[in-house]
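Q: Below is a structure I'd like to ask you about.
The values are calculated or read from the model by the stated rules, or taken from the named source; none is laboratory data. The structure displayed is predicted, hence computed values, not measured ones. Here the Cβ is made from the backbone with ideal geometry for all residues, glycine too, and neighbour counts use every protein chain on show. The accessibility values were calculated without ligands, DNA or RNA, using every heavy atom of the protein model including side chains. Shrake-Rupley method; radii C 1.70, N 1.55, O 1.52, S 1.80 Å.
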Number of protein chains: 2
Amino acid sequence: MAGYSTYIELIRPMIEGKTIISTGMTQEVKRVEASIEQALNSRSCAIVSSGDPGIYAMAGLVLETCKLKRIAIAPPGAGLNNLEAEAALEVEVVPGIPALSAGAALLGAPLTHDFAAISLSDLLTPWEIIEQRLEAAAGADFVVVLYNPKSKKRTWQLERAQQILLKYRDGRTPVGVVVSAMRDTQQVRIAALEDLHREYVDMQTTVFIGSSASSRYLDFMVTPRGYAGKYDIGGGKDSDA
Amino acid sequence: MAGYSTYIELIRPMIEGKTIISTGMTQEVKRVEASIEQALNSRSCAIVSSGDPGIYAMAGLVLETCKLKRIAIAPPGAGLNNLEAEAALEVEVVPGIPALSAGAALLGAPLTHDFAAISLSDLLTPWEIIEQRLEAAAGADFVVVLYNPKSKKRTWQLERAQQILLKYRDGRTPVGVVVSAMRDTQQVRIAALEDLHREYVDMQTTVFIGSSASSRYLDFMVTPRGYAGKYDIGGGKDSDA
């Protein structure tokens with residue numbers, strides 16, 4: 001059992017008696033290597049993430065590390081015997097509810113039409129690429145979900161993203177800000193895009209920027225799928241899938 | 001309890017004794033209106049979706065319908081008493097595991113970096129907008145997740161999307177095709193983008209088109225987060241969040 005210490009603490013009651021490889025936020029690579037080492041020694045190992053391990057999380061690093069170390073891998077049940085390799089492991093990724101789903105549910109329904117997920121962390125990705133993606137997603141009218149919008153060290157990226165979005169979207173476009181979704185410290189707010197820089201945002205925050213079709217209704221944010229334009233809601237017509 | 005009949009059947013053992021509003025695929029608007037009617041008559045009503053109700057699913061239509069019918073809504077616990085309206089309802093969206101998470105987990109880790117979700121259904125969205133979004137997402141090197149890639153009536157859209165992606169991506173780019181994720185009829189395949197038109201794809205399929213950084217390793221598809229470029233996996237350096 002391996003994980004960032006904060007996440008290990010959240011599930012402490014469920015993992016009594018297990019060997020725990022708990023490391024800090026900044027030690028993803030070490031944690032994965034120690035987990036793989038343990039698995040190669042015939043002791044199965046679970047690596048925990050918050051949200052979904054497949055979205056901006058540990059699943060990718062596990063697979064990348066196996067590839068770089070030339071460890072053959074197969075999904076559960078596929079049979080390791082067919083793999084001709086010195087080292088071989090079964091790897092299963094168990095999906096979870098990603099922060100974009102948890103946050104969207106708390107806001108209402110901002111993601112019922114096309115969206116783009118973009119991480120503002122430029123520690124592993126050059127800022128020019130992030131900016132290019134912000135421009136493209138804004139220009140093509142995607143709802144934009146921002147992961148890692150801000151940290152103690154990374155403070156200017158969110159305002160830069162706001163400026164890019166404002167080139168394409170009205171200042172009154174609704175923006176959902178969800179801090180620590182589904183935890184005790186949860187906060188859910190809806191603001192206007194032009195005021196986003198005034199909102200409290202941290203590493204545990206996901207930011208949802210509406211498309212031109214998104215709107216706010218009371219305390220909910222909604223992106224319509226298009227039914228209202230095509231069907232007479234309240235009348236007799238209906239959809240056609 | 002309301003839902004598309006296929007989904008109602010999947011949970012039949014869990015809903016014994018409940019009033020069930022079950023309608024066909026093409027009756028989303030009627031189903032939502034009947035559910036709201038029931039809730040307004042002081043009988044709580046759950047509308048079920050497969051995957052996550054907030055991603056291309058029913059949550060948006062529920063909120064849109066309340067707005068159009070001028071029904072005041074509040075999240076659970078926020079208090080309906082503050083709403084000055086003739087009709088008022090508590091609305092809660094319960095997030096689930098979206099098809100993009102379930103499919104990604106079965107493929108490995110295609111979504112551990114930026115991605116765009118695009119529905120190829122042009123029944124409620126003009127095709128020109130869909131094409132614009134495909135161009136933008138392809139040009140900015142997003143991983144692209146295609147929802148509703150094909151149905152009995154919509155047969156040409158997926159090949160058109162493939163052609164657009166091929167303008168920007170190598171023909172050997174890995175593409176994950178997941179049919180009926182986590183159900184008995186599940187199929188998981190990884191193909192090359194240039195061969196996507198040869199794959200079996202239906203309405204229950206989600207298609208994952210890799211970015212220029214995505215790769216295939218044995219039976220897994222991976223989009224690296226960037227650790228390997230920055231950190232010496234297997235060596236002593238480590239990341240910095």
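Q: Any idea which of (1) more than 13 Å from chain A (Cβ to nearest Cβ); (2) under 20 Å from the mean Cα position of the chain (by Cα) is the one residue B:170 doesn't satisfy?
A: Status for residue B:170: all satisfied but (2).
Q: Next up: For residue A:19, all conditions in the list (1) at the interface with chain B (Cβ under 7 Å from one of its Cβ atoms); (2) among the polar types (S, T, N, Q); (3) farther than 30 Å from residue A:118 by Cα hold save one; what is the number of the exception?
A: (1)
Q: I need the full set of residues from region B:85-113 which are without any contact (Cβ under 8 Å) to a residue 40 or more places away in the chain and in a loop (DSSP other than H, G, I, E, B), in order please.
A: B:85, B:86, B:91, B:92
Q: I need the full set of residues from region B:15-61 which are assigned to a loop (DSSP other than H, G, I, E, B), closer than 24 Å to residue B:182 by Cα, open to solvent by 30 Å² or more (accessible area, probe 1.4 Å) and in contact (Cβ under 8 Å) with a residue 24 or more places away in the chain, in order please.
A: Selection gives B:46, B:49, B:50, B:51.
Q: Given the structure, is residue A:222 open to solvent by less than 70 Å² (accessible area, probe 1.4 Å) and either at pLDDT below 95 or more than 7 Å from chain B (Cβ to nearest Cβ) (or both)?
A: no
Q: Separate question: Within the bounds of region B:73-84, is there any residue that is surrounded by 20 or more Cβ atoms within 10 Å (Cβ to Cβ) and free of Cβ contacts under 8 Å to residues at least 60 places away in the same chain?
A: yes
Q: State all residues of region B:108-122 that are facing another protein chain (nearest Cβ under 7 Å), within 12 Å of the chain's Cα centre (by Cα) and over 8 Å from residue A:117 (Cα atoms); if no residue qualifies, say none.
A: If the condition is that a residue be facing another protein chain (nearest Cβ under 7 Å), within 12 Å of the chain's Cα centre (by Cα) and over 8 Å from residue A:117 (Cα atoms), then B:117, B:118, B:119 are the ones that fit.
Q: Which numbered condition trips up residue A:97, out of (1) open to solvent by less than 10 Å² (accessible area, probe 1.4 Å); (2) facing another protein chain (nearest Cβ under 7 Å)?
A: Exception for residue A:97: condition (1).
Yes/no matrix, rows are residues, columns are (1) open to solvent by 30 Å² or more (accessible area, probe 1.4 Å); (2) out of contact with any helix residue (DSSP H, G or I) (no Cβ under 8 Å at 6 or more places or on another chain); (3) modelled with pLDDT of 95 or more; (4) at positive phi:
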| residue | (1), (2), (3), (4) |
| --- | --- |
| B:162 | no, no, yes, no |
| B:184 | yes, yes, no, no |
| B:187 | yes, yes, yes, no |
| B:207 | no, no, yes, no |
| B:211 | no, yes, yes, no |
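Q: Considering (1) away from chain A (no Cβ under 12 Å); (2) crowded, with 17+ Cβ neighbours inside 10 Å; (3) over 30 Å from residue A:76 (Cα atoms); (4) of a type in the set (A, V, I, L, M), say which one residue B:193 fails and leave the rest.
A: Single failed check for residue B:193: (3).
Q: Mind checking which residues of region A:13-46 are among the polar types (S, T, N, Q) and more than 25 Å from residue A:72 (Cα to Cα)?
A: Within region A:13-46, A:22, A:23, A:26 meet the criteria.
Q: Hey, among B:132, B:157, which residue is open to solvent by 10 Å² or more (accessible area, probe 1.4 Å) and within 20 Å of the chain's Cα centre (by Cα)?
A: One residue alone meets the criteria, B:132.
Q: Exactly one of (1) among the polar types (S, T, N, Q); (2) within 8 Å of chain A (Cβ to nearest Cβ); (3) under 15 Å from the mean Cα position of the chain (by Cα) is unmet by residue B:65. Its number?
A: (3)
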